[in-house]
């Protein structure tokens, strides 16, 4: 969150439509002459005393009351000036100039509502009164009524097209509304009338910076400073532009100059703090944020920035407290999926039957990261629901986080419900690095889906590395700027191992696959993977990877939450959750961190990763997998069927048992049985023997009976019922097995099986 300053009045500049200077009437008495002489000498109090005496002599003289108000205004006594202007208007209420004077005094006294009425009344008597329109615009802008302010300033520009200040003010409004291109056009128009306006150049530089034209922004701001070297706002804006160019040292110097020129400049202190943080000077950044808050404790964006720095520095207690101010900012509110109308939870015990709705905020990765704590709240007896991005719902259900996650548009009012922003759980649960509460894997993919992808990837005989390299470019703000890297940067990994690559990149950045120099090293079904989007399916794919290497995106949280071995690539100053040092993180024990040593240097990081990959999988310098790589692959790839000779009867017997078993199992176990059954049925079909169906049915009946007998025996044993019925069931086992052996032998002899099992037990 970044504060920008620069639009508004330059130091020492009068308002565009200020009131007229005090004129000396052509016919005046000696007292008035003396008063005017005192005014020229700057002796305002003495002049004021004379005018008060003159008013006693002539109390119905509107001009005297007005002049007295002007003197009081010049002295800064706006309350007395207000009284004088009111008395003047009592004599003649239709004077636009005095109405504007009154409006100025009211505005300076903080009574914007009354000031606005006074300016509007002035306009009623003089529709082309520039001063009234302009100052009405200032009031609207200060109140956040940007459309009204824009209307007022536009009127001024129409009445006097060559008034640069009007175009500057229009540009300021458009800039604040996000209409950057239009703002630039207005500011350029202002400069066409007043080329040496430092204010217009400073504001132009700010807008160009927002547009991303950093070179032009720096040039405009340097011109502003050359015209007015003491213009603190221009130095601050130059610092913002230099920060975006990556020239952090120069940016810091500009902010420090702004603070030297303007001691009470909390916005510059905040911007300095952000830049120091980006440079890695976290303690100095914290000091800068605190200094800004000392000047203005109500700057909630600064408190939010302070929170980020404190958390990054490992101070979770203070950081999480200050982090709650994020919803006092526009950015924080926009990051919340929805804001229910019912009460926000304050952490106190909820009554039985009351519900708690967790509202996701920020990105998909944040939801994946912190949804784990819904489990803890539910374990503590709360009736918890999670409002999350629909794209994550299937993953949330499969992981047991919430059986019925809620889309943001389906939140309804509830009298017995409370809500809580998802990341505020950390504060309520008092999560710290020493006590993350949950660090074990909490994300699961369905067994069937994992098996499906295991089949699709079964042709890969090499270890599989899942990779991800880019986050959403629109999220590349101050805190996440620089987290992404080009796909081609992964080339050293390819050179160090024979492993196959699997792209986990979706949407942004995935186009780089087409031009990648090592495209042939990606898995054979990469096109199928590219077509997937659901996070549940992505989890199933990750489950079949031997290693995941990723930038700081949602993939990192997904793989980490699954307990998958994950290597995370971090910029030199990462997001707060990763801390400033160390190669491990308490959030995900299966994760290893690889950090930039210097800003923007991914090549050094990737060389370290390549070395680690070489050590993890083994060298591929001989053109094939090393023993270690082969061993690693063997652990994760399918073991081929063991082909052992069996009799025909034994084969059919096994098939009938599997047909019974598959009806009683589900999930992963059922998948395994199905796979085995299909393999054996394929073997039988390949024999091309027409087996008598009655023999198969008899074998099925015996095996079904044995299945039921075993269930009954287990029930008896569980109930410790070892009476006659238990004995009868036990005796029936070998009786049925004898029938089974006889049928198998009949099959073997009937169809000439070369292998025939023989029973060695004596008859009973």
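The values are calculated or read from the model by the stated rules, or taken from the named source; none is laboratory data. Treat the numbers as computed from the prediction; the structure is a model and nothing was measured. Every residue, glycine among them, receives a Cβ derived from its backbone with ideal geometry; neighbour counts consider all protein chains shown.
Annotations
- Residue 47 being more than 23 Å from residue 135 (Cα to Cα), at pLDDT 85 or above and either assigned to a loop (DSSP other than H, G, I, E, B) or in contact with a helix residue (DSSP H, G or I) (Cβ under 9 Å, 6 or more places away or on another chain) (or both): no
- The listed residue being in a helix (DSSP H, G or I), at pLDDT 95 or above and assigned by TED's automatic domain parsing to the domain that holds residue 174, out of 141, 158: 158
Quick grid of which residues meet (1) surrounded by fewer than 24 Cβ atoms within 10 Å (Cβ to Cβ); (2) in contact with a strand residue (DSSP E or B) (Cβ under 8 Å, 6 or more places away or on another chain); (3) free of Cβ contacts under 8 Å to residues at least 40 places away in the same chain; (4) closer than 21 Å to residue 169 by Cα:
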residue: 201; (1), (2), (3), (4): no, no, yes, yes
residue: 204; (1), (2), (3), (4): no, no, yes, yes
residue: 213; (1), (2), (3), (4): yes, no, yes, no
residue: 221; (1), (2), (3), (4): no, no, yes, yes
residue: 231; (1), (2), (3), (4): no, no, no, yes
residue: 238; (1), (2), (3), (4): no, no, yes, yes
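- Condition broken by residue 723, with the remaining ones in (1) surrounded by 11 or more Cβ atoms within 10 Å (Cβ to Cβ); (2) over 21 Å from residue 647 (Cα atoms) satisfied: (1)
- Screening residue 60 with (1) farther than 30 Å from residue 154 by Cβ; (2) modelled with pLDDT under 85; (3) not in a helix (DSSP H, G or I) gives one miss only, at (2).
- Filtering segment 723-734 to residues that are more than 10 Å from residue 706 (Cβ to Cβ) and either assigned to a helix (DSSP H, G or I) or not assigned by TED's automatic domain parsing to the domain that holds residue 657 (or both) leaves 724, 725, 726, 727, 728, 729, 730, 731, 734.
- When segment 345-368 is filtered for residues that are modelled with pLDDT of 85 or more and either assigned to a helix (DSSP H, G or I) or over 21 Å from the mean Cα position of the chain (by Cα) (or both), the ones remaining, listed by number, are 345, 346, 355, 356, 364, 365, 366, 367, 368.
- Residue satisfying condition, being assigned to a helix (DSSP H, G or I) and either without any contact (Cβ under 8 Å) to a residue 40 or more places away in the chain or within 30 Å of residue 398 (Cβ to Cβ) (or both), within set 684, 695: 684
Residue by residue, here is whether (1) surrounded by fewer than 22 Cβ atoms within 10 Å (Cβ to Cβ); (2) within 18 Å of the chain's Cα centre (by Cα) holds:
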{"residue": "275", "(1), (2)": "no, no"}
{"residue": "283", "(1), (2)": "yes, no"}
{"residue": "295", "(1), (2)": "yes, no"}
{"residue": "300", "(1), (2)": "yes, no"}
{"residue": "308", "(1), (2)": "no, yes"}
{"residue": "315", "(1), (2)": "yes, no"}
{"residue": "319", "(1), (2)": "yes, yes"}
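- Residues located in segment 367-409, provided they are free of Cβ contacts under 8 Å to residues at least 12 places away in the same chain and in contact with a helix residue (DSSP H, G or I) (Cβ under 7 Å, 6 or more places away or on another chain): 403
- Residues being buried (at least 16 other Cβ atoms within 10 Å of the Cβ), in contact with a helix residue (DSSP H, G or I) (Cβ under 6 Å, 6 or more places away or on another chain) and not in a helix (DSSP H, G or I) - total across segment 161-190: 0
- Some residue of segment 481-488 being part of a helix (DSSP H, G or I) and under 25 Å from residue 547 (Cα atoms): yes
- Qualifying residue in segment 463-472 (condition: touching a strand residue (DSSP E or B) at 6+ places or on another chain (Cβ under 8 Å) and loosely packed, with under 13 Cβ neighbours inside 10 Å): no
- Against the conditions (1) touching a strand residue (DSSP E or B) at 6+ places or on another chain (Cβ under 8 Å); (2) surrounded by fewer than 16 Cβ atoms within 10 Å (Cβ to Cβ), residue 430 satisfies every one except (1).
- Odd one out for residue 583 among (1) under 30 Å from residue 455 (Cβ atoms); (2) free of Cβ contacts under 8 Å to residues at least 60 places away in the same chain: (1)
- Breaking point among (1) touching a helix residue (DSSP H, G or I) at 6+ places or on another chain (Cβ under 8 Å); (2) modelled with pLDDT under 95, for residue 113: (1)
- Residues of segment 321-338 that turn out to be surrounded by 14 or more Cβ atoms within 10 Å (Cβ to Cβ), outside any strand (DSSP E or B) and at pLDDT 80 or above, as a count: 11
- Exactly one residue out of 414, 424, 439, 394 is in a helix (DSSP H, G or I), more than 30 Å from residue 528 (Cα to Cα) and not assigned by TED's automatic domain parsing to the domain that holds residue 544: that is 424.
Residue by residue, here is whether (1) closer than 20 Å to residue 459 by Cα; (2) touching a strand residue (DSSP E or B) at 6+ places or on another chain (Cβ under 6 Å); (3) at pLDDT 95 or above; (4) surrounded by 20 or more Cβ atoms within 10 Å (Cβ to Cβ) holds:
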site	(1), (2), (3), (4)
534	no, no, no, no
541	yes, no, yes, yes
580	no, no, no, no
600	no, no, no, no
611	no, no, no, no
629	yes, no, no, yes
636	yes, no, no, no
